[in-house]
Each structure stands twice: as structure tokens, then as C-alpha cells.
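Below: one structure, written as C-alpha cells.
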Amino acid sequence: MLKQNLQFKLSQKLSPQQIQLMKLIQLPTLAFEQRLLEEMNENPALESGKDEEEVFEKDEFDNNDEYDDYEGSDNIEADDINIDEYLSNDETPDYKTQTSNYSDDDDDRESPLVQNVSFHQDLINQLNTFILSDSDREIAEFLVGSIDDMGYIRRTIQDIVDDMAFTQGIYTDEKNVERMLHIIHELEPSGVGARDLQECLLLQLKHKTPTEYVDLAIDIIEHQFDAFTKKHYDKLLQKYGVSQDQLKKAIHEIEKLNPKPGGSFTGNNKITENIVPDFAIRINDGELELTLNGRNAPSLHVSKDYQEMMQTYKVSRDKSNSQKDAVQFIKQKLDSAKWFIDAIKQRQETLYVTMNAIMHFQEEYFLDGEETSMKPMILKDIADMVGLDISTVSRVANSKYVDTPYGTKLIKEFFSEAMKNDQGEDVSTLEIKKILQDVIGEEDKNKPLPDDQLAEILKEKGYPIARRTIAKYREQLDIPVARMRKKI
């Protein structure tokens, strides 16, 4: 039996320009500056406006949807192009006009970078102080290259032997590699080259000046590591026959060690990127003031040279094929430059109105800085306030920072779900997490509170929360279970 039906399907297809705009909105300040440089390098018709006077005015380029089609403009006949649309003597477009929304006092300050020796190069430099044969040095340098950024060698000796043979043509055995590994273990920072956490802690303890408590700590890590990691202090007291104070001092020696010796090296291969706030909020006479980092509002204009090329083509009587091809290319670059300038303006407006809505929604918090003042707020709340898609608000919130009187904050941290207190009022999950954190911070570390007791305490404070929810919030706060919080 043949059946025929009619279906209607509504779909939205974003143009390439809309997709690019969404990507621009998502970029934080530093990444936006990099994207701006890339666009200027790729499009010679786009120039910085700092040293130019004659620039295009945006309104002269607003011809309905012409920007949506510029990528396909190659098929337009050169004779059909309205040259006057690309010529202007107006000096300042509204794009360049900056208001108090844009802060430029932090625009141009650059922090000089110090070139440090990398983590691995520092280890190689230390190896140079040892007298080694050529074959031993090859093995030692290969071992250094096998150390990860945290300072560990997370491979078996046999794997290293095989890898050296296959990739380097260096043939050796496990005994020689073990011998060179002992050399690596003499390097700084102490603990580097360990195969696991137990060996890392042992290496550091053995580099310490021997004392009663260091010797006890070494024995604990070497022979009672499992009991130590599980904090079975009663078992350790019984095993070693020491006082609680003696065990406490030995454990204190262990707690001072660095479980990630490579991660503490300031010249690590990892680059620590300074956070550049995208917004700043200040309190002036009891009122909140929002500014967008001025680096998000660059002065751009269309190249004067390209305007002159258009003028030359306009006055030319004999328009050759090569000239027509050239004007097609120029038009494409001009349309692209104009779209990019307009997209930057749209980005500025989107960032500002979104953050402005967030600031007013969380006004109480921004005025007093108390995390318990944070209101429940989801993406839809802000999207409805500013008339934008939830996805657009998400792009702003997930990648941007705001400088507040209470420190620099990631914007998405202001969003949270709502829960009911015992009064039936909506409270932020952030508020509950803060109270949970405070309760755990004030607990007796000799007898840490399990999750069911934490749930009871929060219930007494007016927050009826299930034990499993307490466990979820605790994990989100990177707080371990009660047993692991125990101190002697």
C-alpha cells in the first residue's frame, strides 16, 4: 500500500557571517586581539584607524543584506558596481565614537616577558655537571625527555629500553637504564624522575637532613604507604609504638613535600597566561558602573588606498578586462572589511548589554561582595532580559572575566540553579555550597563530618538537602570524603 503525506519542517540556517559573528562574541580579549591581527593581515583593505583621518561611515555601507553575500560577489559584473558606495570623505564613523562603556586606561600597558630556561632544559643543564660516558649521557638525556610536566616518568624501564632501540637506535638494557635513573633522581627539584607518588615522596624525604621524624616518615612511606594514604592513623600508632605527637610531626614532614615536583618549576614548558578582564565593575557613590575593556573597541577603517583604486576605476574611460578583474577583487575586500568592522561593533554591543544585565541581576552581590547574596540565575534569565539567544549569552559567560572590587571573576561563576530553603524561598546553589564549605572548614579534623551529618547540619540551618546532593556539591568543591579530611 502506497501512503503519501506532507510534512513541514522549520529549520534555521546561519549564514557564514553569522557564524563568524558568534565566534567573535565567544572570544575573550586576548584571543580577540589575535583574531583582529589575523584579519588585518589577510585583508589589506582593513587598517587600524589610529593614524588615519579619512574613514568610511558605516551608514553608507548599510545596503540591506549586502554583507551576507560578499563572498559570492565574483559573479557581479564590474559595470554594475556602484563605485560611489565605496568612496567617502566623511571623517569619523559612529563606530569610532567611544563612550564611557569602553575603558582605555588599561589598553596599552604590556607586561614584558622574561625568557626562562624550560623545565627539561634545566634538567639537561644539571646533567652536564656529571661526568658521564657518551652512551650513558644518551640514556640519561632520553630519560629526561621521558619526564612529563609534573616531573614523573610514567613508563616501565622495559618500555624505555625498547623505545630507545626502535626510535633512537640506542641499544642498552634495563640495568644501565636503572643506573642512569639514579642519576636523574639526584637532580633538582627533588623527586623528579619518580615512577609514582610513593617513589616521589621517598626521594624527597631522603634528600632531607635525617631527623627522628624524617626517618619515621621514610619508614611510613616505604612500608606503610597504603595505611598512610587511607589515614589509618590508629594502625600506624600501633605499628610503630610512637606517641600521637611523634606521628603528627612525621606526617607533617610528609605534608610539606611536593607531589608534583615538575609543576612547581617556574620555567616550565607550560605558559601561564595572564587573565585580562573583559569588563570592569566599580562602585561610585553607591552605584554600579560597568566598563568594557577598551581593547575590545579598536579603531578600524577601510584602506584609503583602496578607495583611491575605486576612484581611479570610476574616472577611467577605457576599462580593460584586467581593470574589471581588479575592481572585483577590491570590492570583495572592501565588503569583507566593512562586514568585519560592523561585526566588531555588534560584538561590543552584545558583550556590554549582556554583562550589564548580569550586573543588575546580581546587584546585591556586586555591592557587598557576599557570596550568600548571589541570586539564582540561569542563562534564560539573562537571555530574556536582553532579547538574545541563550547560546549567545552562554558564549559571553563561558569565556569572559570581569574585574570586580572583590577580585577578577569568571562570569559563568555568577550562574547557578535555584533550590528551596525551609521557608520555601529560592536560594542559589552557590549560597548552599558556600555554607557547606564553611561547615567543613570549621569541623573537628580529628572527627570529620560524614555526608549524612553534613546534610543534618544544613537542614538545621534551613537548607533541607539530601545526602547525595551534599556529596555532589562536595565533589564539585574538590573536598574529599570525611576519612580523607582526617588529621591527627
Checklist entry - Are any of the pairs Lys206/Lys239; Lys380/Lys420; Lys175/Lys248; Lys409/Lys472; Lys380/Lys409 more than 30 Å apart by Cα-Cα distance, and if so, which? => result Lys175/Lys248
Checklist outcome for this item: Phi angles of the stretch 231-240, converted by Karplus (6.51 cos²θ - 1.76 cosθ + 1.60, θ = phi - 60°) into ³J(HN,Hα) in whole Hz with x for Gly and Pro, give 6, 7, 5, 4, 5, 5, 4, 5, 5, 9
Item to check | Spacing of the two label points (7 Å from each Cα toward its C-beta) at Leu237 and Gln34, in nm | outcome: 5.5
Next on the checklist: Quick check: at a probe of 1.4 Å, how many percent of the accessible area of the stretch 373-488 sits on carbon and sulfur atoms?
Outcome noted: 46
Checklist entry - How long is the gain from Glu42 to Glu456 if the chain were fully straight, where each residue apart is worth 0.36 nm and the alpha carbon distance is subtracted? => result 142.8 nm
Checklist entry - Within a Cβ distance under 14 Å of Asp196, other residues only, what is the Lys/Arg minus Asp/Glu net charge? => result 0
Next on the checklist: Going by average Cβ density within 10 Å per residue, which order do the peptides 440-448, 211-219 take, highest to lowest?
Outcome noted: 211-219, 440-448
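I need the calculated FRET efficiency for the pair Met484 and Glu212, taking r as the beta carbon distance and R₀ as 30 Å, to the nearest 0.05.
Details: r = 27 Å, r/R0 = 0.89.
After rounding to 0.05, the efficiency reads 0.65.
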Next on the checklist: Could you work out the relative contact order of the stretch 359-420? I mean the mean sequence separation of Cα pairs under 8 Å and 6+ apart, divided by the number of residues, in percent.
Outcome noted: 33
Checklist outcome for this item: The size of the Cβ-based charge dipole (Lys, Arg +1; Asp, Glu -1) of the stretch 137-183 about the Cα centre, to the nearest 20 debye, is 140
Checklist entry - Using a 1.4 angstrom probe and counting only protein chains, how large is the accessible area of Thr209 in Å², to 10? => result 110
Checklist outcome for this item: Once both label points are put 7 Å beyond Cα along the C-beta direction, the Arg154-Glu370 separation in nm becomes 4.4
Checklist entry - For the stretch 348-484, with every protein chain kept in place, what is the accessible area per residue (1.4 Å probe, Å²)? => result 51
Item to check | 5 angstrom amide H check on Lys400, placed H, neighbours 5+ away | outcome: Ile411, Lys412
Next on the checklist: On a full-extension model of 0.36 nm per residue, what is the gain between Asp219 and Glu287, subtracting their alpha-carbon distance, rounded to one decimal in nm?
Outcome noted: 18.4 nm
Checklist outcome for this item: Expressed in angstrom and rounded, the centroid-to-centroid distance over alpha carbons for the stretch 338-392 and the stretch 429-488 is 32
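Expressed in nm to one decimal, what extension gain is obtained for the pair Ala326 and Asn176 from 0.36 nm per residue of sequence separation less their Cα-Cα distance?
Full-extension gain reported as 47.1 nm.
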Checklist entry - Tell me, what are the semi-axes, in whole angstrom and largest first, of the equivalent ellipsoid of the stretch 118-158 as set by the roots of 5 times the Cα gyration tensor eigenvalues? => result 18, 14, 6
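The values are calculated or read from the model by the stated rules, or taken from the named source; none is laboratory data. Computed from a predicted structure; not experimentally measured. Methodologically, a virtual Cβ is constructed for each residue, glycine included, from the backbone with ideal geometry; neighbour enumeration extends over all protein chains shown. Only protein heavy atoms, including side chains, enter the accessible area calculation; ligands, DNA and RNA are left aside. Shrake-Rupley method; radii C 1.70, N 1.55, O 1.52, S 1.80 Å.
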